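This report refers to the structure that appears directly beneath it.
The values are calculated or read from the model by the stated rules, or taken from the named source; none is laboratory data. Nothing here was measured: the structure is a model prediction, and the numbers come from that model. In this analysis, Cβ positions are derived from the backbone assuming ideal geometry, glycine residues included, and neighbour counts consider all displayed protein chains. SASA here: full protein model, heavy atoms, side chains in, ligands and nucleic acids out. Shrake-Rupley method; radii C 1.70, N 1.55, O 1.52, S 1.80 Å.
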Amino acid sequence: MTTQQIHCFLEAAKYLSFTEAARHLFITQSSLSKQIAALERELGVTLFNRGNRSVTLTAAGVLMRAECTKIEMSLSVATSHAQRLAQNSEGHLSIGILDLLDPSRFITPALHQFQEKNPDVLVEILCCGFRELRNRVAQKQIDMVFTKKFELENMSMVDYIEAYRVTPAVAVNSHSPLAARDYVTMKECTEQQFVILDLDECPIHAQSLVEMCGWEGLFPRIVRYANSNAARPLYVHEGYGVALVDQEIAVPAWADIRVIPMKSSLQDLFENTNVILAWRADTANPMAERFASVVRDLAVEHMDRAPTTRLYYERP
């Protein structure tokens, strides 16, 4: 299957006319027919029902149109990036951002400063959950990630910088009695029903909750396991329970919830909820260190001290 065959097929599928498709491709109808016939032979399926006056897609043709459209779009994006790198750009950097973070509080300023200093570097951004970020770092599919410090337990041989502090809080439904409070204590939280992330998404989440409740002599009542960060506000919105979050998270506009800061003496435990920038220690991308330098300087303002920056080894 060639890119030319894919393009010819998609044009024919768009116009459902070999004559019209050939005209837009600036080739003869005979050439177009040969390209599609060769594609059909390679695939072993018929893509078009050919009538005397009409052409329609077969079921296989409908499926191939959807898949080939994705292929052509991916090729177009890849080609554009490659051309920019070859012509004007001095490098490339891919950055993952945990989807529950509010980028405006630290990440966007860091990106702006980096781009000002390195205008020819192509930066790509991916927002996703804990598990996907971990997998992409492990498989070297992404250069750096903004995530939570406790995620270091699930990653090995990474360098990291503590970027900024967060304030422990609890997300409650706006109709909950807690919603009228200016702050809540850990004991008050432990008396609630909890919505937490499932173990595959974030194994540390449940462990930390149990540990915090244990300090109050209680065991948490977990009512829902959310499969993503986006699902937790939805459960709280629907009144199923409360969720431990950061006060700095971006609350969805549709969510009928309130985020209330939490007072607790468990500061060492909450240190692990701070946001870090992490990257593989064996990265070969020189742009990673440049971006780390920007984050390191900016972090001093947000951490009220020199940020922790070191190599993290997987625990035995």
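Taking +1 at the Cβ of each Lys and Arg and -1 at the Cβ of each Asp and Glu, which of Ala231, Gln192, Thr3 sits farthest along the dipole of the chain towards its positive end, judged by Cα position relative to the Cα centre?
So the residue we want is Thr3.
So what is the diffusion coefficient of the chain in µm² per second by Stokes-Einstein at 10 °C and 1.306 mPa s, using a Kirkwood Rh over Cα pairs?
Taking Rh from Cα pairs, D becomes 69 µm²/s.
Consider all pairwise Cα distances in region 1-52 and report the whole-number % of them above 12 Å. Intermediate values should be presented prior to the final figure.
Values: 784 of 1326 pairs.
Value for region 1-52: 59 percent of Cα pairs lie more than 12 Å apart.
Using the Cα centre of region 109-210 as origin and beta-carbon charges of +1 (Lys, Arg) and -1 (Asp, Glu), tell me which of Met157, His112, Pro168 is placed farthest towards the positive end of the dipole.
Pro168
Convex hull over the alpha-carbon atoms of region 1-153: what's its volume per residue in Å³?
Working: hull volume 27.0 nm³, N = 153.
Spelled out: Cα convex hull of region 1-153, divided by residues, is 177 Å³.
Near Lys187, which lysines are there with a Cα under 22 Å away, not counting those fewer than 8 places off in the same chain?
Lys263
Run the dipole for the chain about the Cα centre, Lys and Arg Cβ at +1, Asp and Glu Cβ at -1, nothing else charged, and hand back the magnitude in debye, nearest 20.
Numbers: 31 positive and 38 negative charges, 206 e Å.
It comes to approximately 1000 debye.
Send over the Kirkwood Rh of region 66-185, from the inverse of the averaged 1/r over different Cα pairs, rounded to one decimal Å. Write out the running numbers ahead of the final one.
Details: mean 1/r = 0.0571 Å⁻¹.
Its Kirkwood hydrodynamic radius stands at 17.5 Å.
Could you look at the chain and say what percent of its accessible area is carbon and sulfur, using a 1.4 Å probe and all protein chains? Kindly include the intermediate steps, with their values, before the conclusion.
Working: 8390 of 16480 Å².
Carbon and sulfur together cover 51 percent of it.
Where a Cα-Cα gap under 27 Å defines reach, which lysines qualify for Lys70, not counting those fewer than 8 residues away within the same chain?
Lys14, Lys34, Lys140
Keeping all protein chains in place and using 1.4 angstrom, which order do Tyr160, Tyr225 fall into by accessible surface area, from largest down? Mind showing how you got there, number by number?
Details: Tyr160 5, Tyr225 120 Å².
Largest accessible area first, the list is Tyr225, Tyr160.
Based on DSSP, what percent of beta bridges with both residues in the chain are antiparallel, to the nearest 5?
Working: 27 of 46 bridges.
Antiparallel: roughly 60 percent of the beta bridges in the chain.
Net charge near Asn173, counting Lys/Arg +1 and Asp/Glu -1 over other residues with Cβ under 14 Å of its Cβ? Present the calculation step by step, with values, prior to reporting the outcome.
Values: positive: Arg181, Arg224, Arg232, Arg258; negative: Glu238, Asp256.
That sum, taken over residues with Cβ under 14 Å, equals +2.
Under the definition of Cα pairs under 8 Å and six or more residues apart, what whole-number percent is the relative contact order of region 1-71?
Details: 67 pairs, mean separation 21.8, N = 71.
It comes to 31 percent, rounded to a whole number.
Quick one: compute the contact order of region 143-251, relative version, from alpha carbon pairs under 8 angstrom and 6+ residues apart, as a percent. Can you show the working numbers first?
Details: 133 pairs, mean separation 39.7, N = 109.
This gives 36 percent for region 143-251.
Let me know the whole percent of all Cα-Cα pairs from region 149-250 that are separated by more than 15 Å. Don't skip to the end; give the middle numbers.
Values: 3357 of 5151 pairs.
Percentage above 15 Å: 65.
State which helices in the chain qualify, where a helix is a whole DSSP H run, it must extend 20 Å or more along its own axis by its Cα atoms, and its mean Kyte-Doolittle hydropathy must be at least -1.0.
Length and hydropathy pass: 29-43, 59-87, 286-303.
Normalised by the residues of the chain, what does the relative contact order come to in percent, with Cα pairs under 8 Å and at least six apart?
Values: 507 pairs, mean separation 68.6, N = 316.
Answer for the chain is 22 percent.
Restricting things to alpha carbons, tell me how big region 125-183 is in terms of Rg and Dmax, in Å.
When restricted to Cα atoms, region 125-183 yields Rg and Dmax of 16.1, 46 Å.
Taking the Cα centre of region 198-295 as origin, sum charge times position over the Cβ atoms of Lys and Arg (+1) and Asp and Glu (-1), and report the length of that vector in debye to the nearest 20. Write out the running numbers ahead of the final one.
Details: 7 positive and 13 negative charges, 39 e Å.
With Lys and Arg at +1 and Asp and Glu at -1, about 180 debye.
Over all Cα pairs of region 192-298, how is the pair count split among 5 Å bins, expressed in % and running from 0 up to the last occupied bin?
2, 10, 17, 19, 17, 13, 10, 7, 4, 1
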